[in-house]
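Asks: My structure is below; once you've seen it, I'll send some questions.
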Amino acid sequence: MLSAESLKRIDREIAKYPADQKQSAVMGALVIAQDEKGWLATETMDFVAQYLGMAPVAVYEVATFYNMYNLEPTGKFKLTICTCLPCGLQGSLDAADHLKERLGIGFNETTADGRFTLKEGECMGACSMAPVVLVNNRRMCDYMSNDKLDALVDELGKKA
Amino acid sequence: MAMLTLEIDGKSVEVPHGATVMEAANKLGVFVPHFCYHKKLSIAANCRMCLVQVEKAPKAMPACATPATDGMKVWTQSEPAVKAQKSVMEFLLINHPLDCPICDQGGECQLQDLAVGYGGSASRYAEPKRVVFHKNIGPLVSAEEMTRCIQCTRCVRFGQEVAGVMELGMINRGEHAEIVSFVGKTVDSELSGNMIDICPVGALTSKPFRYSARTWELTRRKSIAPHDSLGSNLVVQVKHDKVLRVVPLENEAVNECWISDKDRFSYEGLNSADRLTKPMIKDGAQWREIDWPQALELAGRRLGEIRNAAGGDAIGTLVSPHATLEEMSLAQKLARGLGSDNVDFRLRRADFAADSQRAGIPWLGMNIADIGALDRVLVVGSFLRKDHPLIASRLRQVTKRGVQLNILHSTDDDLLMNVTTKSIVAPSELPSALARIVKAVAEAKGAAVPQSVSAVTVDDASRAMAASLASGKAAAVLLGNFAEQHPQASVLQALGQQLSGLLAGEFGFLGEAANSVGGYVANCVPSGKGLNAGAMLGLDGTAARKAYILVGVEPGLDSNDPVRARSVLAAADFVVALTPFRSAVTDHADLLLPSAPFTETSGTFVNCEGRAQSFNAVVKSLDESRPAWKILRVLGNQLGLSGFDYDSSEAIRDELLASMSLPESLNNSLSATDIVQLGSTTQLAGLQRIADVPIYFADPLVRRAESLQKAADAKAPKLWLSAGDAQKAGVAAGQRVKVRQSGEAELEVAIDAKLPAGCARVAAGHSSTASLGAMSGELSVVKA
């Protein structure tokens with residue numbers, strides 16, 4: 001199901017916790033599984049559950065709780081824009097509208113060329129730097145004015 | 001331990017350290033409104049309904065999650081408390097549909113009840129409400145209206161903590177949170193129905209009951225579950241003389257506040273089309289209805305004729321282990337009145353050698369509630385979860401506290417609890433494996449090794465198990481149904497007795513059926529030279545009797561060897577069957593007398609701990625069916641036997657229980673242990689059969705319960721083989737093959753990697769495997 005490399009990484013996560021509390025490693029294991037597969041299919045979650053000796057639905061709970069886990073395939077770049085209240089007050093809703101217009105897609109949609117997926121995010125702990133956009137769960141971009149958003153899309157578009 | 005004193009609503013109360021404000025309030029009898037709190041589940045504190053005012057706390061605190069402290073002052077009905085509770089209720093009702101009249105829970109809904117006290121008269125919320133899609137989570141629990149869910153997570157916690165398997169979970173968060181099973185899965189736990197009871201709203205409801213009645217139309221009557229040996233206390237809910245629903249009656253000493261799905265949903269069988277409603281007689285190949293006087297006259301006359309011609313020994317009486325104490329008592333009285341000692345209720349047993357050495361009535365050896373006081377347990381030969389769902393649940397709770405559970409069995413099904421050591425061996429190896437443990441424990445304890453086991457060699461597995469068992473202070477050795485039905489059951493019993501003696505612990509039987517203890521109490525077993533069930537059903541080659549009296553028995557499915565049972569009944573001149581179900585005996589009997597199931601008769605079941613629990617009929621007998629004790633009474637009168645003049649079932653019970661001291665009669669000891677003969681096991685050419693009796697095929701009533709028959713546990717039996725044996729036989733999973741024992745059956749192959757080598761697991765109690773023969777024996781696989 002997962003590569004030997006990924007399993008090695010998951011084992012490393014498991015080793016961080018007491019032997020009878022393997023399921024503490026579920027978040028790390030899901031991140032690793034997602035890194036390899038790009039998203040978390042039902043079978044992937046089932047596998048992680050089996051590997052950690054926990055109920056599949058408990059893995060499902062975790063995977064659905066955090067929106068950095070992808071439960072369906074995404075484009076090459078997943079842009080997550082925070083729309084929580086502080087960001088919203090500082091213009092993230094307008095920024096989101098701009099992104100939607102620029103990419104021609106709504107939330108939870110992927111562009112036809114498979115490059116971009118737009119997601120609505122929850123608080124990223126950077127309210128003072130709103131609006132914030134997270135690229136592929138790893139790269140945080142702050143103070144996202146429309147110009148900066150365009151620049152970001154252009155930059156990523158070249159990479160794709 | 002020092003107690004804490006606190007004050008709730010001006011009343012002082014003492015509670016132990018660690019108690020919550022909710023528990024203190026309950027002790028005082030002060031009701032704090034709540035949804036997510038449940039005394040048997042962990043604390044979630046997510047409904048917030050139980051907010052109360054606590055002195056010096058700036059905001060209201062949840063009573064369920066606030067630890068009581070010494071000198072604490074709590075107000076549950078002060079203005080801040082009530083204001084907080086009302087605000088929570090307003091939030092809960094924002095997304096909850098306000099259409100109680102069309103909700104199945106209406107009238108018995110905690111949210112509805114509390115909304116009367118704490119809800120507004122109108123909603124201030126004018127925005128769209130959220131909608132949660134309905135789900136199909138199986139044939140028993142309906143999740144049709146998940147929009148009604150208030151996310152208390154009681155069902156999730158029940159699964160995790162009591163049932164031992166988390167089948168429901170809450171996905172997403174905030175406004176999008178919803179209760180689901182893992183993508184497309186059903187809820188298959190044998191305790192799943194309890195989720196319906198604990199759901200405080202109409203989100204999880206009973207699928208079979210849904211929209212068949214309103215709660216206030218139902219009459220509630222107490223009863224006792226007729227299935228497993230626990231004897232769960234029930235409330236049977238009745239409308240127009242029809243049982244529409246069964247729910248638990250709380251009894252901490254027996255079933256706590258739970259019941260198994262078998263006890264809950266088997267009532268559908270009571271209303272099945274297969275109910276026999278009139279006496280019937282076989283006229284050539286045709287069945288014809290006759291009236292009661294004719295039927296009873298015929299039964300009396302034929303039995304009398306056979307007794308006169310061939311003697312009482314020519315008559316055999318077989319009683320279901322699910323029959324009431326009164327039915328068993330009159331059945332044996334009738335048999336003995338006819339001069340026959342051939343009477344038995346242990347239909348699935350194969351080994352009766354212990355009978356001559358029994359010191360008393362075999363039982364659990366302790367009280368059910370005392371399971372909580374054990375620290376070491378060995379369960380031998382039990383399909384624990386399926387045979388004893390609630391005893392398994394009790395063991396699950398104690399293993400969480402560090403109690404060491406050890407298992408000796410022939411299959412390795414997931415018990416959903418912590419098992420310290422386990423030894424999974426072929427059925428023929430069970431006695432020697434247990435003997436090894438006896439020897440290892442003797443060695444570990446420094447005690448003399450009993451003569452009978454001195455020849456065995458202790459191995460690492462038995463040493464590990466002995467180390468676990470010997471390290472405790474309160475051990476118990478419990479034999480399950482598989483051990484009781486084992487061809488060397490008496491050896492297992494003797495070894496179990498030796499082992500518990502070495503451990504200075506308890507020894508007992510989990511018990512096969514609702515009245516397995518009651519059968520002995522009623523003396524429904526041969527007392528002298530009489531034939532036991534095995535002999536009467538031809539297990540040991542004993543010739544068929546000329547006449548049989550069957551009480552509640554479905555011989556083709558309830559006996560150890562259905563093939564032999566069929567042939568001896570076919571060879572008999574006259575078979576009279578008291579049965580609630582027509583199809584149960586039409587193949588075997590000559591005369592059918594419609595008897596009443598447990599809801600239509602008064603009676604008593606003696607559960608595994610020796611607790612005699614009586615119940616009354618909750619509905620009238622269907623059509624012309626009659627309580628079996630009345631039928632037996634009239635038969636006794638018809639035959640001119642004395643001692644059949646009872647006015648009520650209570651009179652039978654009282655006379656029986658007054659004639660003995662039930663608690664003192666309970667005794668698992670065997671007078672001698674020379675019964676232990678550990679011969680070398682002969683190598684079998686074929687595969688050893690391991691037969692479980694699946695939970696929903698175990699008795700005639702549950703076999704006719706429609707919804708249970710759609711459950712995952714009611715799937716048709718398969719031929720389970722280990723991967724190695726499947727390869728050897730050249731078959732693969734999913735393939736249909738012919739299996740040969742004393743007869744043949746066609747079964748689907750399935751692989752169970754945990755089965756011991758040389759074994760094949762084929763369930764009993766099902767029509768598709770009844771043609772194979774005895775529950776233990778040698779199987780061969782013939783490719784179809």
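The values are calculated or read from the model by the stated rules, or taken from the named source; none is laboratory data. Since we're looking at a predicted model, the values are computed, not measured. In this analysis, Cβ positions are derived from the backbone assuming ideal geometry, glycine residues included, and neighbour counts consider all displayed protein chains.
Asks: Tell me, yes or no, whether the stretch A:21-30 has at least one residue that is surrounded by 16 or more Cβ atoms within 10 Å (Cβ to Cβ) and touching a residue at least 40 places away in the same chain (Cβ under 8 Å).
Replies: The answer is no, given that none of the residues of the stretch A:21-30 is surrounded by 16 or more Cβ atoms within 10 Å (Cβ to Cβ) and touching a residue at least 40 places away in the same chain (Cβ under 8 Å).
Asks: A further question on this structure: Taking the stretch A:13-52, which residues are more than 9 Å from every other protein chain (Cβ to nearest Cβ), among the β-branched types (Val, Ile, Thr) and under 18 Å from B:Val183 (Cβ atoms)?
Replies: Passing the criteria: A:Val26, A:Thr44, A:Val48.
Asks: Can you report the number of residues in the stretch A:116-160 which are closer than 19 Å to A:Gly106 by Cα, not in a helix (DSSP H, G or I) and not polar (S, T, N, Q)?
Replies: 12
Asks: Additional query: Of the residues that sit in the stretch B:200-216 and are small (Gly, Ala, Ser) and within 16 Å of B:Met146 (Cβ to Cβ), which one is nearest to the other protein chains (Cβ to nearest Cβ)?
Replies: Only one residue tops the list, namely B:Ala203.
Asks: Could you list, in sequence order, the residues of the stretch B:744-766 that are in a loop (DSSP other than H, G, I, E, B) and loosely packed, with under 15 Cβ neighbours inside 10 Å?
Replies: B:Ala753, B:Lys754, B:Ala757
Asks: For the stretch A:41-71, which positions are part of a loop (DSSP other than H, G, I, E, B) and within 11 Å of the chain's Cα centre (by Cα)?
Replies: Once the filter is applied, which keeps residues that are part of a loop (DSSP other than H, G, I, E, B) and within 11 Å of the chain's Cα centre (by Cα), the stretch A:41-71 yields A:Tyr66, A:Asn67, A:Met68, A:Tyr69, A:Asn70, A:Leu71.
Asks: Still on this structure, please answer the following. Of everything in the stretch A:53-69, what is of a type in the set (S, T, N, Q) and either within 7 Å of chain B (Cβ to nearest Cβ) or farther than 17 Å from A:Met124 by Cα (or both)? Give them in sequence order.
Replies: Answer for the stretch A:53-69, where residues must be of a type in the set (S, T, N, Q) and either within 7 Å of chain B (Cβ to nearest Cβ) or farther than 17 Å from A:Met124 by Cα (or both): just A:Thr64.
Asks: When only residues in the stretch B:172-187 that are of a type in the set (A, V, I, L, M) and out of contact with any Asp or Glu (no Cβ under 8 Å at 6 or more places or on another chain) count, which is farthest from B:Cys155 (Cα to Cα)?
Replies: It comes out as B:Val183.
Asks: Out of the stretch B:11-58, which residues are touching a residue at least 60 places away in the same chain (Cβ under 8 Å) and either outside any loop (DSSP other than H, G, I, E, B) or touching a Lys or Arg at 6+ places or on another chain (Cβ under 9 Å) (or both)?
Replies: Scanning the stretch B:11-58 gives B:Phe35, B:Cys36, B:His38, B:Leu41, B:Ser42, B:Ala44.
Asks: One residue is enough: does the stretch B:103-110 have a residue meeting the conditions crowded, with 18+ Cβ neighbours inside 10 Å, under 30 Å from B:Glu161 (Cα atoms) and without any contact (Cβ under 8 Å) to a residue 40 or more places away in the chain?
Replies: No: zero hits.
Asks: So which of B:Ser614, B:Ser567, B:Ser642 ends up being assigned to a loop (DSSP other than H, G, I, E, B) and not acidic (Asp, Glu)?
Replies: B:Ser642
Asks: Let me ask something else. Show the residue pairs meeting these rules: Cβ distance below 6 Å; 6+ apart or different chains; first residue within the stretch B:129-155 and free of Cβ contacts under 8 Å to residues at least 60 places away in the same chain and under 20 Å from B:Leu98 (Cβ atoms); second residue part of a helix (DSSP H, G or I) and hydroxyl-bearing (Ser, Thr, Tyr).
Replies: Pairs found: B:Val131/B:Thr147; B:Val132/B:Thr147.
Asks: May I ask you to verify whether B:Val693 is more than 30 Å from B:Arg611 (Cβ to Cβ) and at pLDDT 95 or above?
Replies: no
Asks: Shifting gears a bit: Looking only at the stretch A:1-40, count every residue that is among the hydroxyl-bearing types (Ser, Thr, Tyr) and not in a loop (DSSP other than H, G, I, E, B) and tell me the total.
Replies: Adding up the residues that qualify gives 2.
Asks: Which members of the stretch B:669-690 meet the condition of being at pLDDT below 95 and within 26 Å of the chain's Cα centre (by Cα)?
Replies: Result: B:Ser669, single match.
Asks: Do any strands (runs of 3 or more DSSP E) lying entirely in the stretch B:257-371 carry at least 2 residues that are surrounded by fewer than 24 Cβ atoms within 10 Å (Cβ to Cβ), and which ones are they?
Replies: B:280-283, B:286-289
Asks: Right, something else. What's the total number of residues in the stretch B:1-35 that are over 17 Å from B:Met49 (Cα atoms) and hydroxyl-bearing (Ser, Thr, Tyr)?
Replies: Within the stretch B:1-35, residues that are over 17 Å from B:Met49 (Cα atoms) and hydroxyl-bearing (Ser, Thr, Tyr) number 2.
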